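Read through the structure below, which is laid out as structure tokens, and then see the notes.
The values are calculated or read from the model by the stated rules, or taken from the named source; none is laboratory data. Since this is a predicted model, take the numbers as computed values, not measurements. As a convention, Cβ positions derive from the backbone with ideal geometry for all residues, glycine included, and neighbour counts pool all protein chains shown. The area values use the complete protein model at the heavy-atom level, side chains included, leaving out ligands, DNA and RNA. Shrake-Rupley method; radii C 1.70, N 1.55, O 1.52, S 1.80 Å.
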Amino acid sequence: MGKFIAGAFLGLILGGVLTFYFFVGVPSGSAVYGEPIKPPDAAGVPPGTAQILLRQDFFNNVLQTIFRDMNAPAFPLGSAPIHAATEGQCLSQINMLPEGSGAQTGVRFENGAITVPLAFSGSYSSPFGCLQFTGWAKSNFEMRYDAASQSVLGQINVETVTLDGVNPFVGGIITPLVQSSLNTRVNPIQILNGKQIAVSVPIAATNANLRANVTDVRAELKDDALNLYVIYNFSGAPTNP
């Protein structure tokens, strides 16, 4: 039973993490969902809590694998659709880079917070021609819990965008487009769906099912690791005839 629960947790947590870094299949929108996840209570975590520990190196190893073995993630810029470019065509899109502009794309656990520097290049099809640009974005990563859907969601918040060697006019056009595109194309990021990991396991000797539903999620950064506490409510119910 313990292995089943642990396996379910790890599969979904890691799947959510991979989804985040692939930047694929995540819903887009600028809305904010749920409430910020709170730290554990001072009195400690309650019974029926599963703990998952994820270190900074894990996240960055995922990123390194994507950039090494796969196509780099790309986003449409502004409202432009993303599609393959034809010869001579200028696409309005952002391409993520493993490093550039003095920054390395990755995850940092710093001072009790998660920061995510993002290096990028891109182009913008403007009325003034094709504007090419490179730069990096400083962002933070906030985890939120939506009780209605029992989901843990991630929220990327881009704080600043730094472009390389562009004049103020071009920067005034590109900077807000990059910031808004990263915030709206990625968010919200589903990390864990509590309904998917709700447990209902038949116990043959009792002729009943052991059930467990997620009631809350807490998190803290401690000892250079992200500790995620998923709190269950356990109950028993007769097996359906």
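Just grab the label-to-label distance for K138 and E35, each label 7 Å out from Cα along the Cβ direction, in nm (one decimal).
It is 3.1 nm.
Could you sort C90, C130 by accessible area so the largest value comes first, with the probe set to 1.4 Å?
C130, C90
With point charges of +1 on the Cβ of Lys and Arg and -1 on the Cβ of Asp and Glu, referenced to the Cα centre of region 142-224, which listed residue (A204, V166, S181) lies farthest in the positive direction of the dipole?
The listed residue farthest towards the positive side: A204.
Set the Förster radius R0 to 35 Å, insert the Cβ-Cβ distance between D223 and Q196 as r into 1/(1 + (r/R0)^6), and round the FRET efficiency to 0.05.
With R0 = 35 Å, the Cβ-Cβ based efficiency is 0.75.
List the residues of region 156-200 whose backbone N lies under 15 Å from a point placed 7 Å from the Cα of E110 along the Cα-to-Cβ direction.
Flagged as within label range: 157-162.
Find how much the distance from A237 to N157 grows on full extension, using 0.36 nm per residue of separation minus their present alpha carbon separation; answer in nm with one decimal.
24.5 nm
Calculate one ³J(HN,Hα) per residue across region 57-69 by plugging θ = phi - 60° into the Karplus curve 6.51 cos²θ - 1.76 cosθ + 1.60, and present them in order as whole Hz with x for glycine and proline.
With the stated coefficients, region 57-69 comes to 4, 4, 4, 6, 5, 4, 4, 4, 5, 4, 5, 7, 10 Hz.
Give the accessible surface of region 52-183 per residue, rounded to a whole number of Å², with probe radius 1.4 Å and ligands, DNA and RNA excluded. Can you show the working numbers first?
Working: 6440 Å² over 132 residues.
Each residue of region 52-183 exposes 49 Å² on average to a 1.4 Å probe.
Suppose every Lys and Arg Cβ carries +1 and every Asp and Glu Cβ carries -1, with no other charges. What dipole size does region 182-241 come out with about its Cα centre, to the nearest 20 debye? Walk me through the numbers on the way to the answer.
Working: 5 positive and 4 negative charges, 52 e Å.
It works out to roughly 240 debye.
Considering only protein heavy atoms and a 1.4 Å probe, what is the carbon-and-sulfur percentage of the accessible area of region 157-241?
About 52 percent, which is the carbon plus sulfur part of the accessible surface.
Using the Karplus curve 6.51 cos²θ - 1.76 cosθ + 1.60 with θ = phi - 60°, work out ³J(HN,Hα) for each residue of region 107-118 in order, rounded to whole Hz, and write x for Gly and Pro.
Rounded to whole hertz, the list is 10, 10, 9, 9, 6, x, 9, 9, 10, 9, x, 10.
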